[in-house]
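Asker: Starting off with a structure, shown below.
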Amino acid sequence: MKKFIIFFASLFLLTIVSCKEDEPVKQKIVGTWKPVKMVETNVTNNTSVSDTYIYSTCQQESRWVFKEDNSGSVWMRDDTYVVCHTKFESNLTYQYNDKTGEIVIKYLSNQDKGKISDLTENGMNLKIEYLDTDTGVYNSKTYTLVRVK
């Protein structure tokens, strides 16, 4: 009889432990990403205007690199002068809060503040926000990035 009670008590405990809800796996931003789209929004006097830009093949050669040690780089390509060329290149450091999605990216001469959203294994949105305190104009750029490795 003791074995019977121990068996059912063990089965009951196993059921309780296995029914515990698993925490979702948090995706990491660490990796190399390419931009495929950017949405720019400007808000002036409570009027919002947004434009969507689908990146060209050349622009998709751009890379955002986020390393495990909170360093990385950004390399932006553009074809504004008919020939695909490097428009911007910089090393960076970043601070990322995976609970809130907030990110601060520091370049050599400036920094961007924003938020990561819709983070999956293969994609994310990186929203960079600016507020011109002199004019009161709010600007945001939301980059849709795809992981390349």
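Values in this text are rule-based calculations from the coordinates and carry no lab data. Predicted model, so just to flag it, every value in this text is computed and none were measured. Counting neighbours? That spans all protein chains shown, and the Cβs are built from the backbone with ideal geometry, glycine included.
Asker: So what are the stretch 28-147's ellipsoid semi-axes, whole angstrom, largest first, if each one is the square root of 5 times an eigenvalue of the alpha-carbon gyration tensor? All intermediate terms of the calculation are to be shown ahead of the outcome.
Answerer: Values: eigenvalues 94, 77, 43 Å².
For the stretch 28-147, the ellipsoid semi-axes come out as 22, 20, 15 Å.
Asker: Between Ser117 and Val146, what is the spin-label point distance in nm, taking each point 7 Å from the Cα along the Cα→C-beta axis?
Answerer: 2.1
Asker: To the nearest 20 debye, what is the magnitude of the charge dipole of the stretch 28-147 about its Cα centre, counting +1 on the Cβ of each Lys and Arg and -1 on the Cβ of each Asp and Glu? Intermediate values should be presented prior to the final figure.
Answerer: Values: 14 positive and 16 negative charges, 54 e Å.
The calculation lands at about 260 debye.
Asker: Now, a different point. Would you calculate the separation in nanometres between label points at Ser109 and Asn45, each defined as 7 Å from the Cα along the Cα-to-beta-carbon direction?
Answerer: Inter-label distance under the simple model: 3.3 nm.
Asker: When N is the residue count of the stretch 37-87, what does its C-alpha Rg come to as a fraction of 2.2 N^0.38 Å? Before the final figure, lay out the partial values.
Answerer: Numbers: Rg = 14.8 Å, N = 51, 2.2 N^0.38 = 9.8 Å.
Its radius of gyration relative to the 2.2 N^0.38 Å reference: 1.51.
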